[in-house]
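Beneath this line is the structure, given in structure tokens, with notes to follow.
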Amino acid sequence: MQTNLADFIKETPEGREADAILRACVHCGFCTATCPTYQLLGDELDGPRGRIYLIKQVLEGKPATRHTQLHLDRCLTCRSCESTCPSGVQYGRLADIGRRVVDDQVPRPFLQRMLRTALKETLPRKWLFSPAMKAGQLVRPLLPAALRSKVPAKQKSGAWPSTAHARKMLLLDGYVQPAMSPNINAATARVLDALGVQLVVAPRAGCCGALRHHLNDHEAARDDMRRNIDAWWPAVEAGAEAIVMTASGCGAMVKEYGHLLAHDAAYAAKAARIAELTKDLSEIMPAFEAQLATRLHGKVSRRVAYHPPCTLQHGQQIRGKVEGVLRAVGVDVTLCADSHICCGSAGTYSVLQPDMSYKLRDNKLANLLASHPEEIVSANIGCLTHLQSGTDTPVRHWIELIDGALQAQ
Ligand code: SF4
Ligand code: SF4
């Protein structure tokens, strides 16, 4: 696609990146068929090719409107279009640039601004989010249904192992997941402990930055990244083998640190190293498949439906690994129809675009439940909470299934 970017952005790092991405797009439209919002709305401007065209117009100097902003807001940033694109167009990066430029030009209505500020100031702060979640869990039965669906029932996390092992890996504890589902990280630590690996949490590390980045506060997101790098660096220098992510949304973000801090002279090299060391849990576990199979085969006879999060299958291009580990220990795993399509959670999307989000959730649940699973498993806290809000079938992280089986031995 030919481009002629406007002077305000042409010679900036963002402008150069956007220009290269736009030029890669040949406008073939293959991506449109796998876009969840195009499937729901049937409007070219609510599909990737239309959004790319809108962003191109704005970057070429055409003033953005509320209409432009709305079509970009409706995008889930699920990146299904990237998986489909034969030309390797990095739509997610282009959308980040386009949204920031559009938001600079089009002020949002007061209530929208308040909601976005509340989300980006509350969710990434442990001292605000954890007590708020605990209070919500206390009064959960009394909450209106819409709010109750955002507050999972209180969960026990079980013990964190205390054995020291020579093999050590860092774990991003995060803020949102431990408050909503504290058992996921504890289960991961127990499973790896049983396999001879010690998980270490750096106390000063916190939110990965995805929340603020996707709400267009790129500078605050970079502050989150720099704080995490500083928190992890001593353990990296001490030889930590990997930085393990149990939420694929965080993993997709941390793997981008090298790119997002590439122009920060003080942090660029460290950020690239951190990105290189970052692994989703499903990239770590296949090395232990044989050990797990020997210990657990025949002892886990669950029938589960697996929902691969977009941040895993599209954002990180990781497919088949969770299913492989679960099958190795004897779990009967199914992927549902349209398993490449987003469940509608998408970070803060379920709060900002609830109608679309819940339609996608209900479609996803209908597909997942078609095989009558005993439970649904996934790999990202947002997907887990969102799906559980629409079904009585248990929904949990896949590592909890393995932990449960090891605990039962
Ligand atoms: S993003 Fe890729 S699939 Fe979509 S129109 Fe452009 S080249 Fe075609
Ligand atoms: S990121 Fe997802 S919702 Fe957005 S344009 Fe691509 S496929 Fe559609």
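The values are calculated or read from the model by the stated rules, or taken from the named source; none is laboratory data. It should be emphasised that the depicted structure is a prediction, and the values quoted were computed from it without experimental measurement. We place every Cβ from the backbone using ideal geometry, glycine too, and count neighbours over all the protein chains shown.
Scanning the stretch 57-73 for residues that are of a type in the set (D, E, K, R) and either within 14 Å of ligand 2 (Cβ to nearest atom) or not assigned by TED's automatic domain parsing to the domain that holds residue 21 (or both) yields a single hit, 73. From the list 274, 318, the lone residue that is in contact with a Phe, Trp or Tyr (Cβ under 6 Å, 6 or more places away or on another chain) and touching a residue at least 24 places away in the same chain (Cβ under 8 Å) is 274.
Listed by first and then second residue, the pairs linking a residue in the stretch 74-91 that is under 11 Å from residue 48 (Cα atoms) and within 7 Å of ligand 2 (Cβ to nearest atom) to a residue that is at pLDDT below 95 and not in a loop (DSSP other than H, G, I, E, B), with Cβ atoms under 7 Å apart and 6 or more places separating them unless they lie on different chains, are 76/349; 77/214.
Counting only helices (runs of 4 or more DSSP H) that fall entirely inside the stretch 78-163 and contain at least 1 residues that are under 19 Å from the mean Cα position of the chain (by Cα) and at pLDDT below 90, the qualifying elements are 110-122, 126-138. Being at pLDDT below 95, buried (at least 24 other Cβ atoms within 10 Å of the Cβ) and either closer than 28 Å to residue 33 by Cβ or not hydrophobic (A, V, I, L, M, F, W, C) (or both), is that true of even one residue in the stretch 367-382? Yes, the stretch 367-382 has at least one match. Comparison of 29, 42 shows that the only residue that is of a type outside the set (S, T, N, Q) and either farther than 17 Å from residue 92 by Cα or in the same structural domain as residue 362 (by TED's automatic domain parsing) (or both) is 42. When the stretch 10-42 is filtered for residues that are of a type in the set (A, V, I, L, M), more than 9 Å from ligand 1 (Cβ to nearest atom) and in a loop (DSSP other than H, G, I, E, B), nothing remains. The criterion of at least 1 residues that are over 16 Å from the mean Cα position of the chain (by Cα) is met by the following helices (runs of 4 or more DSSP H) wholly inside the stretch 228-312: 257-260, 268-277, 281-284, 289-296. Among the residues examined, residue 45 does not qualify as under 21 Å from residue 357 (Cβ atoms) and either away from ligand 1 (no atom under 15 Å from the Cβ) or not in a helix (DSSP H, G or I) (or both).
Taken over the stretch 358-387, the criterion of being part of a strand (DSSP E or B) and charged (D, E, K, R) is satisfied by 375 alone. Please specify each residue of the stretch 320-354 satisfying the condition of being under 20 Å from the mean Cα position of the chain (by Cα), surrounded by fewer than 20 Cβ atoms within 10 Å (Cβ to Cβ) and assigned to a helix (DSSP H, G or I). Those that are under 20 Å from the mean Cα position of the chain (by Cα), surrounded by fewer than 20 Cβ atoms within 10 Å (Cβ to Cβ) and assigned to a helix (DSSP H, G or I): 321, 323, 351, 352, 354. Quick check on the stretch 292-308. Is at least one of its residues within 30 Å of residue 226 (Cα to Cα) and not assigned by TED's automatic domain parsing to the domain that holds residue 13? Yes; the residues of the stretch 292-308 include at least one that is within 30 Å of residue 226 (Cα to Cα) and not assigned by TED's automatic domain parsing to the domain that holds residue 13.
Residues being within 10 Å of ligand 2 (Cβ to nearest atom), hydroxyl-bearing (Ser, Thr, Tyr) and surrounded by fewer than 21 Cβ atoms within 10 Å (Cβ to Cβ) are represented in the stretch 27-36 by at least one member. For the structure I just gave you, tell me whether residue 390 is in contact (Cβ under 8 Å) with a residue 60 or more places away in the chain and either in a strand (DSSP E or B) or more than 17 Å from the chain's Cα centre (by Cα) (or both). Yes, satisfied.
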